[in-house]
1. Considering Phe222, Phe151, which residue is under 40 Å from the mean Cα position of the chain (by Cα), farther than 29 Å from Ser36 by Cα and at pLDDT below 90?
2. Which is within 28 Å of Leu307 (Cβ to Cβ), of a type in the set (A, V, I, L, M) and under 41 Å from the mean Cα position of the chain (by Cα), of Leu159, Leu177, Leu198, Leu193?
3. Check Glu360, Glu336 and return the single one that is modelled with pLDDT of 90 or more, within 33 Å of the chain's Cα centre (by Cα) and not polar (S, T, N, Q).
4. Do the conditions hold for Ile421, that is, is it modelled with pLDDT under 80 and more than 26 Å from Leu126 (Cβ to Cβ)?
5. Kindly provide the set of residues from region 486-506 that are surrounded by fewer than 20 Cβ atoms within 10 Å (Cβ to Cβ) and either outside any loop (DSSP other than H, G, I, E, B) or touching an Asp or Glu at 6+ places or on another chain (Cβ under 6 Å) (or both), ordered by number.
6. Among (1) surrounded by fewer than 12 Cβ atoms within 10 Å (Cβ to Cβ); (2) under 20 Å from the mean Cα position of the chain (by Cα); (3) acidic (Asp, Glu), which single condition is Asp128 missing?
7. Looking at (1) in a strand (DSSP E or B); (2) crowded, with 18+ Cβ neighbours inside 10 Å, can you tell me which one Ile38 breaks?
8. Looking at this structure, is Thr261 under 30 Å from Val204 (Cα atoms) and of a type outside the set (Asp, Glu)?
Amino acid sequence: MIVELNISNFAIINNLNIDFTKGFNVLTGETGAGKSIIVEGISMILGGRANKELVRTGSDKSTLEGLFFLEDPTKINKILEEYGIDIDPNNYLLISREIHASGRSISRINGRTVTLAMLNNITSSLVDIHGQHEHQSLLNVDNHIKLIDIFGDNELKDLLEFVKDKYEEMLIEKKNLRELSLDGIEKDREIDLLKYQLDEINGVDLLKYDEDELMKEYTKMFNIKEIGCNLGEVVNILNNFEYNNISILDYINKIIAKMNTIEDYDDELKQYNRVMEDISFELQDLYRDMKNYLESLELDEEKMQFLEDRIDAINTLKKKYGNTIEDILHYRDTIEDKLKTLLNNEKEIERINNNIKAIEIELMDCSNRITEMRKGLSKNIETAIMKELNELNMSNVMFKINFDRLEHFTPTGWDKIEFLISTNKGEELKPLSKIISGGEMSRIMLAFKRILADYDGIPCLIFDEIDAGISGRTAQIVGEKIKMISKNHQVICISHLPQITALADAHYVIEKKIIDEETTTIVRKLDYDERIDELSRLLGGVDLTDTTKLYAKEMLEMSKKLN
């Protein structure tokens, strides 16, 4: 359940704090006061798409924060553990979002920054928001099958997952079949192109050369003159036989000669002399190696040209077939397999066709089982919906879930499911979109929410003006139905009807005020006397009379009987 909501610099909200209670919470207020903005704020906290246009004018960012209490934390704590998010020992969950005027959005759970996908994965089982747009979703026939499947058990869910995987496998095989079923000219063109590409790649013989070694050899050859010049000077400095030129080795030999005359006077001097002798031997070896290397240096123009041609060939292949030699070789293997398939496509076509037939047999079997399970669920759903609608003052209604079989498979089987309804006795069943009024649609959606609440396990339901299009006795019944839902779920409801508002456990009024020449939305939790005044406003408008106040008080007293 939502324990606390904090919103700042969001639309016309400056700073707002609401402490919600268990049970039935209702929010009322004048049109334009900001009721729907609060629902929008909750939607943002739950992972809705950020809209920078909702950042309050003059502010750099909006901050939205929701504190939730998890009565059964098992499912969400498991997800938190997977994401490495700290778990509160008291079963609280703190979700916050910052929406910047630049469009950037930052989400945090228990202080840990998370992606929007991670946030949605966690909040999907926290709150269910029902807005007026959901009426349209109920009119969309494509959504009817999804609603049925929600009521299914793990066996149905496993079957649906299997069908989805097999359907995707079938699509891939059919795509492969289309590629193999090219006409003769197109097939020959494809074969010629693949052969050309293979010959071009194989002609460079990439496996015989390491690119790094090739570049090292080319770099040495390209700089051979500079190497010879500098190395020659180094060799001469180490040991020079020219008259009057003293080399490093000459100096070291002089040092050793002088050390020989004094080393017997002290053991430490002997140690110094041994080191110098070792240095002399190492330098002599180094001198010989460098001299041999220098004498072996030779600029081979043909090899230089060969290396340049190799490097150009590799770079040409990179531009066409991949950024690295590994990529090029992988591409070569891929087109080689494709060429073999095209050259032997009759056998491959037969193999693919056989595989498609096997997949279709599996899909047929699973789809039949899914259909039977859905039909079994539909009977129970029809009974439950009829019962709920009857209690919602639609006593003559007939509701039926109609099944048709598609001529093709889909990721969910081959069922086409549509909800049919007759709202008046004697009328034939028709699609919802043909006969449903706004008030009837609100009640049908509420009926679905009522029976879904026992299946999806979502602890908090938010209704944004679900009472649209209803009044009088029907409004009272809808209110009582919402009150019944709030026995086992937290309900937050935005309403304009006194019949529904009077049944709430906690009543909040939303007002738009001008403070310091700025318009802002504020929310107050009403006490008993204030509730009477707000109910009177809903009953009679701006002018509060003793009669409306008396009626409002009576409504509050009568609502206590449902607690």
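The values are calculated or read from the model by the stated rules, or taken from the named source; none is laboratory data. Remember, predicted model here, so these are calculated numbers, not experimental data. With ideal geometry, Cβ positions are generated from the backbone for all residues, glycine too; neighbour counts draw on all protein chains shown.
1. Going through Phe222, Phe151 in turn, the sole match is Phe151.
2. Details: Leu159 fails: within 28 Å of Leu307 (Cβ to Cβ); Leu177 fails: within 28 Å of Leu307 (Cβ to Cβ); Leu193 fails: within 28 Å of Leu307 (Cβ to Cβ).
None of the other options fit; the residue is Leu198.
3. Only one candidate passes the filter, namely Glu360.
4. no
5. Ala506
6. Only one criterion is unmet by Asp128, namely (1).
7. Ile38 satisfies all of (1) in a strand (DSSP E or B); (2) crowded, with 18+ Cβ neighbours inside 10 Å except (1).
8. no
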